[in-house]
């Protein structure tokens, strides 16, 4: 996680795409990378392997399934760039 990152209440990240299987020997961890000056609203979910680029903003309730671009604003499920 970078510097000056803001997580709104209830934000979550996850690093395991296969959480429901019983045999944990095949666990594949995909880290979430959060760069500097990222802002996330209430209840944002960031999926495994995603990078949130510098200076991006994520709207409340968004589910981020793909990497973001620097300085972009993303909203929705799945999150899409609006500016």
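The values are calculated or read from the model by the stated rules, or taken from the named source; none is laboratory data. Quick caveat: nothing in here was measured; it's all calculated off a predicted structure. Positions of Cβ are backbone-derived with ideal geometry, glycine not excepted, and every protein chain shown enters the neighbour counts.
Select from region 51-70 the residues that are more than 17 Å from residue 6 (Cβ to Cβ) and outside any strand (DSSP E or B) and list them in ascending order. Residues satisfying the conditions are 65, 66, 67, 69. Would you call residue 18 surrounded by fewer than 16 Cβ atoms within 10 Å (Cβ to Cβ) and in contact with a helix residue (DSSP H, G or I) (Cβ under 9 Å, 6 or more places away or on another chain)? Judged against the criteria, residue 18 is a match. I need the full set of residues from region 1-42 which are over 11 Å from the mean Cα position of the chain (by Cα), modelled with pLDDT of 95 or more and assigned to a strand (DSSP E or B), in order please. Residue satisfying the conditions is 6 alone.
Which of the residues belonging to region 60-79 are farther than 15 Å from residue 34 by Cα and either touching a helix residue (DSSP H, G or I) at 6+ places or on another chain (Cβ under 9 Å) or surrounded by 13 or more Cβ atoms within 10 Å (Cβ to Cβ) (or both)?
Of everything in region 60-79, those that are farther than 15 Å from residue 34 by Cα and either touching a helix residue (DSSP H, G or I) at 6+ places or on another chain (Cβ under 9 Å) or surrounded by 13 or more Cβ atoms within 10 Å (Cβ to Cβ) (or both) turn out to be 60, 61, 62, 75, 76, 79.
When the residues of region 43-59 are filtered to those that are on the phi > 0 side of the Ramachandran plot and buried (at least 16 other Cβ atoms within 10 Å of the Cβ), the one that is modelled with the lowest pLDDT is 49.
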